[in-house]
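Single-structure report; data block below.
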Amino acid sequence: MLQNPERGARGRPFRLIGLLLLALVLTMPARSYAQAAGQVRLKIVKAGLLVGGGGGNGVLTYRGKTYPFQVRGLSFGITVGATVGRLDGWATGIREVRDFAGTYSSVGGGFALVAGANGVHLRNEKGVTIILQGPKAGLELAVNISQVTISLN
């Protein structure tokens with residue numbers, strides 16, 4: 001079956017425009033909304049009797065850059081003692097560095113008699129999750145609900 005040569009010629013400009021638009025879209029820089037994980041290192045000191053409190057500082061390493069931060073927190077529940085801990089772990093769900101700052105909540109517990117282990121799983125209102133673990137020294141028995149505020153320096 002033969003096609004009319006004039007009919008094919010009329011569709012060529014539309015195909016050419018479509019190909020040019022496609023090439024333009026493919027060469028435009030894409031903005032990434034992908035989440036990336038960041039490495040977290042934290043030193044924290046806490047003490048309490050029924051209501052506990054603590055604070056510390058740390059560093060977030062995210063996409064090759066380091067961001068110092070401060071931590072303040074309160075815990076409610078059974079808390080007795082005082083400890084110093086050094087925690088390492090990961091923060092996930094970060095779209096932008098400023099997502100890391102915020103108020104985190106956690107339910108957990110721990111025990112230390114001179115030396116022990118510590119682990120925490122935190123989540124903030126922006127969907128960032130931090131999982132940390134590491135050694136702690138001191139005397140503590142804790143089963144509590146914690147609220148931690150992280151602010152970038």
Requested in this report: Please list, in chain and number order, the residues 5+ apart from L139 or on another chain whose amide H is under 5 Å from its amide H, with Hs placed from the backbone.
Outcome: A82, V114
Query raised in the report: Which lysines have a Cα lying under 22 Å from the Cα of K46, excluding residues fewer than 8 positions away in the same chain?
Result: K136
Report summary line: Packing-ranked peptide list from 64-73, 120-129, highest mean Cβ count within 10 angstrom first, is 120-129, 64-73
Report summary line: Once R63 and S106 are pulled to full extension, the length gained, defined as 0.36 nm per residue separation minus their Cα-Cα distance, is 12.9 nm
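A short reminder: the numbers here are calculations on the coordinates, not readings from a lab. Fair warning: this is a prediction, and the values are worked out from it, not measured in the lab. Note: ideal-geometry Cβ built from the backbone for every residue, glycine included; neighbour counts use all protein chains shown.
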